[in-house]
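For reference, the structure is listed below as structure tokens.
The values are calculated or read from the model by the stated rules, or taken from the named source; none is laboratory data. Source: prediction; values computed, not measured. So basically every Cβ, Gly included, is an ideal-geometry build from the backbone, and we count neighbours across all protein chains shown.
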């Protein structure tokens, strides 16, 4: 039993370390196996295609917390997919029109912005059905996209992990070889 009068080998952790540093380090290292990273990339890129602008960061946060995914990776993937996201919004609106045989107002961004700022209720009325159609298109395509991304990225990440482990083992062996005491 350790003597309470002797100083402990580890100094007491500060409030800053316990409440700020530890949670940040936990988030950075959570889910760092190749399988978990591939899942994070697949889900992050799938969510990044959600056709409602300004919602993907919050969706990635919620899904990442629920599935215990690495938050920095899922958010980085989300932001890296932004050009694809912009393209997918336009494409899913057009595909939604075709699938549901609906004709929506013309999607002219200047007119849409003016309508949104001057008459937000009318904007919601005019474009809510189109947004719903685009969300249905996303819901159909996202599982296929996520599955493809997962199975493409998994072997790449496994190989990268194998190389990393081999390099670490080689470095450890070199350190042990040079040590004066076997």
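When residue 116 is tested against the conditions (1) more than 15 Å from residue 42 (Cβ to Cβ); (2) under 20 Å from the mean Cα position of the chain (by Cα), the lone failure is (2).
Selection of helices (runs of 4 or more DSSP H) fully inside the range 30-128 by the criterion of at least 2 residues being exposed (fewer than 15 other Cβ atoms within 10 Å of the Cβ) returns 56-67, 71-80, 82-99, 109-118.
Quick check: anything in the range 46-61 more than 11 Å from the chain's Cα centre (by Cα) and over 23 Å from residue 140 (Cα atoms)? No.
This table checks each residue for (1) closer than 18 Å to residue 55 by Cα; (2) in contact with a helix residue (DSSP H, G or I) (Cβ under 7 Å, 6 or more places away or on another chain).
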{"site": "88", "(1), (2)": "yes, no"}
{"site": "93", "(1), (2)": "yes, yes"}
{"site": "110", "(1), (2)": "no, no"}
{"site": "113", "(1), (2)": "yes, no"}
{"site": "117", "(1), (2)": "no, no"}
{"site": "129", "(1), (2)": "yes, no"}
{"site": "133", "(1), (2)": "yes, yes"}
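Determine if the range 135-153 includes at least one residue that is more than 25 Å from residue 47 (Cα to Cα) and either more than 20 Å from the chain's Cα centre (by Cα) or at pLDDT below 90 (or both). Among the residues of the range 135-153, not one is more than 25 Å from residue 47 (Cα to Cα) and either more than 20 Å from the chain's Cα centre (by Cα) or at pLDDT below 90 (or both), which makes the answer no. Given (1) modelled with pLDDT under 95; (2) over 29 Å from residue 116 (Cβ atoms); (3) touching a helix residue (DSSP H, G or I) at 6+ places or on another chain (Cβ under 7 Å), identify the lone condition not met by residue 32. All conditions are met except number (3).
For the structure I just gave you, tell me whether residue 65 is more than 21 Å from residue 153 (Cβ to Cβ) and under 11 Å from the mean Cα position of the chain (by Cα). Considered against the rule, which asks whether it is more than 21 Å from residue 153 (Cβ to Cβ) and under 11 Å from the mean Cα position of the chain (by Cα), residue 65 comes out as yes.
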